[in-house]
Every structure is written in structure tokens, then in C-alpha cells.
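Below is one structure, written out as C-alpha cells, with a few remarks after it.
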Amino acid sequence: MAERKAPRGVERRLEHEGTLVRMGGGLAAGLPGLLTEAGIGAGRVLVVADAFLVGRRALDVVLDALKGAGIAAETAPGIAGEPKAATVDGLAGRARTFGAEALVAVGGGSTLDAAKLAAAVAVRGRAIDYALCASPLPADALPVAALPTTAGTGSEVTRTSVVSDASGRKLWAWGDGLRPRLAVLDPSLTASLPPDLTLWTALDALSHAIEAATHARRTDRAVAAALEAAAMIVASLERVLDDLADLGGRADLLWGSMQAGRAIDLAGCTAPHALAHALGSLRPAHHGRLVALAHDALMAPNVEAAPGLFASVAGAVGTDAEGLPGWFSDLLARTRLDRGFGGEGLGAGAVVAAMLTPENRPMLAANPKSYSTDELERLVAPLLAA
Ligand SMILES: [Zn+2]
């Protein structure tokens, strides 16, 4: 892994498990050169973008750059909300019909996830075939260039795609074949993100960092990436919320969320993500907001069970392990996170049952503390009443 740190505003570059990561203000306009640098020699590309971006500057910059370089680009119908397996199959069909040699994904985590899986489906099978690793991913999936417009999921460097089936159940696909070949982090693409999404996505990334640093299968590289992520996100989040046009702060949030993505790619997520997925499957709300609420509910018992494990991440955000749960609650209060969950009529038992599904169990198993069902129900109940 080649890594070079640079002061804010200056370009940064690293390689992560076959993904070239480039960051810099305005880099999206140089996409064709970056495709070449990443070894993607495509003459025809399918562009997959958030529905919200169609007709907006962030996407036009990318389309103009491709056109200027003589690359034929077709824009697929925009992705709205969390992608369905059928949407991914549709994108793959479109890529085949157009003869796309690569996919360019511009958007939030949902769009990046959809494009990553569509690049595999374009070669073989249907999205559902790859859910929960039922079938191996093709080794010759189309290459993907990911240009995130939110600083949160880290999907631009992970080998995971989350899509839902027709009934809304989340299907995880996972494997090296899903890694983007190129990640372009251009803070100007995130400049128009409103305050609530800026906050929710940053809290998601911070949660990835905390969970990866304390994961049962953490490695030194995962912890190093997680600590850099936590420190950068915490140092820049409130500054960006005060001034949404602060591109230096936006750049730090993007780099931090990418490092947090690397950390979960190298280690994984723990119980707060299992709880957030369970909550989201019962009462849909933004993933980042639910993860923050889940952390707030579980951090004190997690830290109490394994204070030594949390010491490094606490140090990275400027506190100690004992102070970490209070520090996190204060952060949510200062950033005015909406704590309302709307859990009326929902029992803690149903939420905990949803945490114990096969897709959530590995996250519980990797958590620093092992919880009994009763304990989880007690911890979840106050959250539902908010
Ligand atoms: Zn997350």
C-alpha cells in the first residue's frame, strides 16, 4: 500500500487492495485521465447516478469530461432510495445492451453499491444470485469508477453491496469482485449536500471507524485507518456544519469516510450496525441517523466490557475510554441529531429478533461485548420511546 499524506487542499493518493484512490478539488473534471491511470481503458461507459443529480452540475462535470475525451457515455435512469435487486438487474441489462466496458458511479452509497453489483451481473447471473455469497462473483466483472457525492459509506473502497429484494429485505453481496477499480474523491461533489445528510453520513463513517477499531478481527492496518478516520471526521464535522461551503472540511470528511470504509473492509462492523439494520428493516429511516442512535444506546456497555479496546479510538477523538460514551452523546447533542425514532407500537423484542437474522449475526459475534437477548431488549427499549 502506497500512502502519502498531504496538507488540506492538496491532492492525496493511496491504493487499497486494487482500488486506486485519488482525492483533490475538481478532480472529477479529469476523470478520463484517472480512468487511464487506474488501468480502465474504456471507450464506452454506463454512468449510474443518483436520480437527484440528473441535470445537476456535479453529474454534468463528469459527462462533459467523458465526452471531451471521446468516451461514449450512456446515463442510466437515476437511482432513488435504497436500490432493489431488480434495479441492479436493469442496470446490468443496460450495460450489456450499450456494450459498456466500464461503469462510472456518481452518487451516495446506494448508487455506488448498485453500480458495483451491476458490474458483476452484467457479466453473469442476476443480483439475487450473489446475495449472502450464494454464488461466487465473476472474476471478470466490468471495472467500476466510483465518485462519491456523500462522505459516509466508504462504498468506494469496500467489497460490499447492499441491495433489497422485492419485500424490502436487505441482501448483502460481498467479494473481491465488487471492489471499484478507481475511487475519485472530489470535495466539490459533496458541496451541495444539505446539513442533515452531511451530519448523518459523517456519523455513519465515524461509526464505521469506531466499530472497525474494536472489531474481533481488527488488524493493525484496519485500526490505523480507523483512527485516522475518526480523528479527521471529528476535527472537521462541526466546522462543515457551521459552513457547508468549507471545501477543506468537506475534503477531510471525504478522506475520513474513505479511511473508515477501508477500516470496515479490512475488519468489519459490530453490534451498533446490527441494531441499525434491525431498526431500519422495521421503520425505514436514514442509515447514518439510525447507526448514531444505535451507538448511543450500546456504547456505554460496550466500553465497560472492554475499556482497553476503546482507548485508542477515544484518544483519536480527544477523550479517554471512560469518557467516550458521554463524549459521543454530547456530540449528538451539539450537532442536534434528531433522536425521534417513532417506535410506537414496536416492541423491543421485535427489534432484537431482527438483530438475530443471519445477515446481522456476524456483526453481533464480532462485537467486543456479547449480549444476552434480555440485555439487548433493555438497551433498545428507551430508543423506541424517543
Ligand atoms: Zn454504515
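The values are calculated or read from the model by the stated rules, or taken from the named source; none is laboratory data. Keep in mind the model is a prediction, meaning the values are calculated, not measured. Note: ideal-geometry Cβ built from the backbone for every residue, glycine included; neighbour counts use all protein chains shown. For accessibility, only protein heavy atoms count, side chains too; no ligands or nucleic acids. Shrake-Rupley method; radii C 1.70, N 1.55, O 1.52, S 1.80 Å.
Condition test on residue 220, is it within 23 Å of residue 186 (Cβ to Cβ), surrounded by fewer than 22 Cβ atoms within 10 Å (Cβ to Cβ) and out of contact with any Cys (no Cβ under 6 Å at 6 or more places or on another chain)? Walk me through how you get there before you give the answer.
Working: within 23 Å of residue 186 (Cβ to Cβ): no; surrounded by fewer than 22 Cβ atoms within 10 Å (Cβ to Cβ): yes; out of contact with any Cys (no Cβ under 6 Å at 6 or more places or on another chain): yes.
Against the criterion (within 23 Å of residue 186 (Cβ to Cβ), surrounded by fewer than 22 Cβ atoms within 10 Å (Cβ to Cβ) and out of contact with any Cys (no Cβ under 6 Å at 6 or more places or on another chain)), residue 220 does not qualify.
Kindly state which helices (runs of 4 or more DSSP H) lie completely within the stretch 1-102 and contain at least 2 residues that are closer than 30 Å to residue 132 by Cβ and small (Gly, Ala, Ser). Step through it out loud before you land on a result.
Numbers: elements: 31-37, 57-68, 85-98.
Ranges flagged: 85-98.
So how many residues does the stretch 83-107 have that are open to solvent by 10 Å² or more (accessible area, probe 1.4 Å) and closer than 16 Å to residue 148 by Cα?
Of the residues in that region, 0 qualify.
So the check is Cβ under 6 Å with 6+ separation or different chains; which pairs have a first residue in the stretch 360-386 that's under 26 Å from residue 169 (Cβ atoms) and a second one that's open to solvent by less than 50 Å² (accessible area, probe 1.4 Å) and β-branched (Val, Ile, Thr)?
Between residues of the stretch 360-386 that are under 26 Å from residue 169 (Cβ atoms) and residues that are open to solvent by less than 50 Å² (accessible area, probe 1.4 Å) and β-branched (Val, Ile, Thr), the close pairs are 363/270; 366/270; 367/270; 373/352; 376/352; 377/352; 380/351.
What about residue 186, is it within 16 Å of the ligand (Cβ to nearest atom) and surrounded by 23 or more Cβ atoms within 10 Å (Cβ to Cβ)?
Numbers: within 16 Å of the ligand (Cβ to nearest atom): no; surrounded by 23 or more Cβ atoms within 10 Å (Cβ to Cβ): yes.
Answer is no for this residue.
Of all residues being in contact with a strand residue (DSSP E or B) (Cβ under 7 Å, 6 or more places away or on another chain) and open to solvent by 40 Å² or more (accessible area, probe 1.4 Å) in the stretch 36-51, which is nearest to residue 76 (Cα to Cα)? Just the residue, please.
In the first step, residues of the stretch 36-51 are kept if they are in contact with a strand residue (DSSP E or B) (Cβ under 7 Å, 6 or more places away or on another chain); the result is 37-38, 40, 42-51.
Subset that is open to solvent by 40 Å² or more (accessible area, probe 1.4 Å): 37, 44, 51.
On the way: 37: 25, 44: 13, 51: 10 Å.
Once the filter is applied, the top-ranked residue is 51.
For residues that are within 16 Å of the ligand (Cβ to nearest atom) and of a type outside the set (Gly, Ala, Ser), scanning just the stretch 108-121, find the one that is farthest from residue 151 (Cα to Cα).
Selected residue: 116.
Could you check the stretch 113-132 and list, in sequence order, the residues that are assigned to a helix (DSSP H, G or I) and farther than 20 Å from residue 167 by Cβ?
Selection gives 115, 116, 118, 119, 120.
Taking the stretch 281-290, which residues are in contact (Cβ under 8 Å) with a residue 60 or more places away in the chain and either in contact with a helix residue (DSSP H, G or I) (Cβ under 8 Å, 6 or more places away or on another chain) or surrounded by 24 or more Cβ atoms within 10 Å (Cβ to Cβ) (or both)?
If the condition is that a residue be in contact (Cβ under 8 Å) with a residue 60 or more places away in the chain and either in contact with a helix residue (DSSP H, G or I) (Cβ under 8 Å, 6 or more places away or on another chain) or surrounded by 24 or more Cβ atoms within 10 Å (Cβ to Cβ) (or both), then 281, 282, 286, 287, 288, 289 are the ones that fit.
Of (1) open to solvent by 30 Å² or more (accessible area, probe 1.4 Å); (2) away from the ligand (no atom under 11 Å from the Cβ), residue 265 satisfies all except one. Which?
Looking at each condition in turn, residue 265 falls short on (1).
Every residue, every condition in (1) modelled with pLDDT of 95 or more; (2) closer than 27 Å to residue 235 by Cα, yes or no:
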residue: 263; (1), (2): yes, yes
residue: 282; (1), (2): no, no
residue: 288; (1), (2): yes, yes
residue: 305; (1), (2): yes, no
residue: 332; (1), (2): yes, yes
residue: 336; (1), (2): yes, yes
residue: 340; (1), (2): no, yes
residue: 349; (1), (2): yes, no
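Please go through the stretch 203-248 and give me each residue that is of a type in the set (A, V, I, L, M), free of Cβ contacts under 8 Å to residues at least 60 places away in the same chain, more than 16 Å from the ligand (Cβ to nearest atom) and part of a helix (DSSP H, G or I), ordered by number.
Correct list: 224, 232, 235, 240.
Yes/no matrix, rows are residues, columns are (1) charged (D, E, K, R); (2) within 24 Å of residue 32 (Cα to Cα):
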site	(1), (2)
56	yes, yes
64	yes, yes
85	no, no
99	no, yes
114	no, yes
130	no, no
135	no, no
142	no, yes
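Of everything in the stretch 246-262, what is crowded, with 23+ Cβ neighbours inside 10 Å and among the hydrophobic types (A, V, I, L, M, F, W, C)? Give them in sequence order.
251, 253, 254, 255, 258, 260
Please work out if residue 142 is part of a loop (DSSP other than H, G, I, E, B), out of contact with any Ser or Thr (no Cβ under 6 Å at 6 or more places or on another chain), more than 16 Å from the ligand (Cβ to nearest atom) and at pLDDT 95 or above.
The answer is yes for residue 142.
Return the residues of the stretch 108-143 that are β-branched (Val, Ile, Thr) and open to solvent by 10 Å² or more (accessible area, probe 1.4 Å); say none if nothing qualifies.
We begin by selecting, within the stretch 108-143, every residue β-branched (Val, Ile, Thr); these are 111, 121, 123, 128.
Correct list: 123, 128.
If you check residue 69 against the conditions, is it within 19 Å of the chain's Cα centre (by Cα) and either among the hydrophobic types (A, V, I, L, M, F, W, C) or surrounded by fewer than 24 Cβ atoms within 10 Å (Cβ to Cβ) (or both)? Full working, then the answer.
Numbers: within 19 Å of the chain's Cα centre (by Cα): no; either among the hydrophobic types (A, V, I, L, M, F, W, C) or surrounded by fewer than 24 Cβ atoms within 10 Å (Cβ to Cβ) (or both): yes.
No; evaluated as a whole, the condition is false for this residue.
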